[in-house]
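Data block below; observations after.
The values are calculated or read from the model by the stated rules, or taken from the named source; none is laboratory data. Since we're looking at a predicted model, the values are computed, not measured. Methodologically, a virtual Cβ is constructed for each residue, glycine included, from the backbone with ideal geometry; neighbour enumeration extends over all protein chains shown.
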Amino acid sequence: MLADFEIKQLAIEKGMIEPFDEKSVGKVISFGLSSYGYDYRISDEFLVPDPSYKEALDPKNTSEYLFTEKKSKELIIRANSFILAKSLEYFRIPRDILGISFGKSTLARSGIFVNVTPLEPEWEGYLTISIANLSPYPVKLYAFEGIGQLVFLKAENLCEVSYKDKKGKYQAQKKIIVSKVK
């Protein structure tokens with residue numbers, strides 16, 4: 001696992017995290033560098049599912065038209081629903097690093113579950129974040145505040161095939177991308 005000074009070095013020298021906040025910022029849902037990770041934020045861009053849609057969602061063929069684009073500093077997630085969001089930070093993961101994301105405990109205590117798949121070696125882009133409200137109540141989210149923490153693991157040996165090598169379908173994403181199969 002990478003320590004704070006190693007994450008800072010990769011962020012500054014390799015552009016692994018942009019923008020990068022060296023100190024954990026409080027008085028909001030915290031973000032920035034922590035002891036062994038980085039607390040990332042959500043931007044003000046969201047995809048909200050249409051509640052009138054009654055068919056099963058197909059992860060192999062999800063239509064962007066099932067979602068409404070929202071840009072806002074605050075967003076209410078309906079009870080027992082979810083949204084897709086975009087990270088504020090852009091990530092460039094080195095070939096010898098793997099990032100694993102966890103939700104913030106402050107949000108979990110309000111019923112919010114944050115899911116991001118691992119950040120694979122040589123993946124880059126803005127994260128598409130699935131945020132589920134598991135509570136029976138609507139929950140408010142705040143743009144530009146912390147949503148999750150990334151922990152970075154350093155490999156002892158380089159992988160044979162990175163995300164970039166296999167030309168992954170979510171490589172260099174600039175916006176929120178719904179699920180798809182190549």
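Restricting the first member to the range 49-64 and to residues that are closer than 17 Å to Ser130 by Cβ, and the second to residues that are loosely packed, with under 10 Cβ neighbours inside 10 Å and not basic (Lys, Arg), the beta-carbon pairs closer than 7 Å and six or more apart or on different chains are Lys60/Val181.
Among the conditions (1) surrounded by fewer than 13 Cβ atoms within 10 Å (Cβ to Cβ); (2) free of Cβ contacts under 8 Å to residues at least 40 places away in the same chain, the only one that Pro118 does not satisfy is (1). The residue list Lys104, Lys140, Lys154, Lys71 contains one member that is closer than 30 Å to Ala3 by Cα, surrounded by fewer than 19 Cβ atoms within 10 Å (Cβ to Cβ) and basic (Lys, Arg), which is Lys154. Among the criteria (1) closer than 20 Å to Ile100 by Cβ; (2) at pLDDT below 90, the one Ser34 does not fulfil is (2).
Within the range 81-101, the set of residues being among the acidic types (Asp, Glu) and either in contact with a Phe, Trp or Tyr (Cβ under 9 Å, 6 or more places away or on another chain) or buried (at least 20 other Cβ atoms within 10 Å of the Cβ) (or both) comprises Glu89 only. Screening the candidates Tyr126, Tyr90, Tyr170 for the property of being part of a loop (DSSP other than H, G, I, E, B) and either under 14 Å from the mean Cα position of the chain (by Cα) or hydroxyl-bearing (Ser, Thr, Tyr) (or both) yields one hit, Tyr170. Return a yes/no flag: does the range 86-102 have any residue that is over 16 Å from Lys174 (Cα atoms), among the hydroxyl-bearing types (Ser, Thr, Tyr) and in contact with a strand residue (DSSP E or B) (Cβ under 8 Å, 6 or more places away or on another chain). Among the residues of the range 86-102, at least one is over 16 Å from Lys174 (Cα atoms), among the hydroxyl-bearing types (Ser, Thr, Tyr) and in contact with a strand residue (DSSP E or B) (Cβ under 8 Å, 6 or more places away or on another chain), which makes the answer yes.
Name the single residue, out of those in the range 157-172 being of a type in the set (S, T, N, Q) and surrounded by 12 or more Cβ atoms within 10 Å (Cβ to Cβ), that is nearest to Arg92 (Cα to Cα). Looking at residues that are of a type in the set (S, T, N, Q) and surrounded by 12 or more Cβ atoms within 10 Å (Cβ to Cβ), I get Gln171.
Tallying residues that are assigned to a loop (DSSP other than H, G, I, E, B) and over 23 Å from Lys73 (Cα atoms) within the range 25-43 yields 2. Residues that are surrounded by 20 or more Cβ atoms within 10 Å (Cβ to Cβ), touching a Leu at 6+ places or on another chain (Cβ under 9 Å) and in contact (Cβ under 8 Å) with a residue 40 or more places away in the chain do occur in the range 107-115, at least one of them.
If you go through the range 1-24 and keep only what is assigned to a strand (DSSP E or B) and crowded, with 16+ Cβ neighbours inside 10 Å, you end up with just Ile17. When restricted to residues that are in contact with a helix residue (DSSP H, G or I) (Cβ under 8 Å, 6 or more places away or on another chain) and over 13 Å from Ile97 (Cα atoms), the range 147-169 contains 1. The single condition among (1) loosely packed, with under 12 Cβ neighbours inside 10 Å; (2) assigned to a strand (DSSP E or B) that Asp58 does not meet is (2).
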